[in-house]
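Heads up: the structure comes next, in structure tokens.
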Amino acid sequence: MMIPTLLPALEQHGRLQLRQSDRDRVLAISAATIDRLLVDVKSAASGGRRRRAGFYSAIRREVPIRTFNDWNSPVPGFCEVDMVAHGGTSVAGSFIQTLTMVDVATGWTECLPLLTREGSLVVEAINRAQSLFPWLLCGVDFDNDSAFMNDVVVPWCREQKLEVTRSPIRRTIRRLSSRKMVPSSAASWAMAASMASRRRV
């Protein structure tokens, strides 16, 4: 997990202040415990509903699935891409989203704020991320979010000669966290909020 790296940075820049006892607890928490503690919050954020069985579209079906074991030590430039919502416990109304791109080989992470979950804004954010990474993007591995699996984002990525894959199930950025220094869902949110405040929309 990235919390031991992220926490001192948030404190140094005045973004977070914790009592020593709380700080010790945050540093000791595991990704599994974070997920377990956030079950009710995640359920409330999704309106208490589960996705229907017919949720996969034709575009999702045509995008190949890639699991963590399929990576086989890639060169820098292949990113896992996820969306972090900043709506708290409600998905009602309008709130900022953060597109989070994590390079699989290095753990290099770029976070880009979006005003809405719209394909054209996702394309702009990926294009912007290309100028922030110190190497060319080679491929993107999305979760099954409709913000990515649509007729704007997938065709654009292919036009840019990016390899497009997706995870077998909806995931958080935690998928890489057990193997690399990549944030869990709680640390990811904190990092995204910090980055979004530094980059003006």
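Data for the structure
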| item | result |
| --- | --- |
| Table column - 3J(HN,Hα) (Hz), the range 64-74, Karplus curve with 6.51, -1.76, 1.60, x for Gly and Pro | x, 8, 10, 9, 4, 5, 7, 5, 6, 6, x |
| ³J(HN,Hα) computed for each position of the range 154-166 - Karplus, 6.51 cos²θ - 1.76 cosθ + 1.60, integer Hz, glycine/proline x | 4, x, 4, 4, 5, 4, 7, 6, 8, 6, 10, 9, 9 |
| Percent antiparallel among DSSP beta bridges (both partners in the range 54-158, rounded to 5) | 75 |
| Difference of contour (0.36 nm per residue) and Cα-Cα distance, residue 69 to residue 159 | 29.7 nm |
| With every protein chain in place, the range 73-171: carbon and sulfur % of accessible area (1.4 Å) | 56 |
| FRET efficiency for residue 28 and residue 92, using Cβ-Cβ distance with R0 set to 45 Å, rounded to 0.05 | 0.85 |
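The values are calculated or read from the model by the stated rules, or taken from the named source; none is laboratory data. From a predicted model like this one, the values you see are computed outputs, not experimental measurements. Backbone-built Cβ (ideal geometry, glycine too); neighbour counts: all protein chains shown. Heads up: the accessible areas ignore ligands, DNA and RNA and are worked out on the full protein's heavy atoms, side chains in. Shrake-Rupley method; radii C 1.70, N 1.55, O 1.52, S 1.80 Å.
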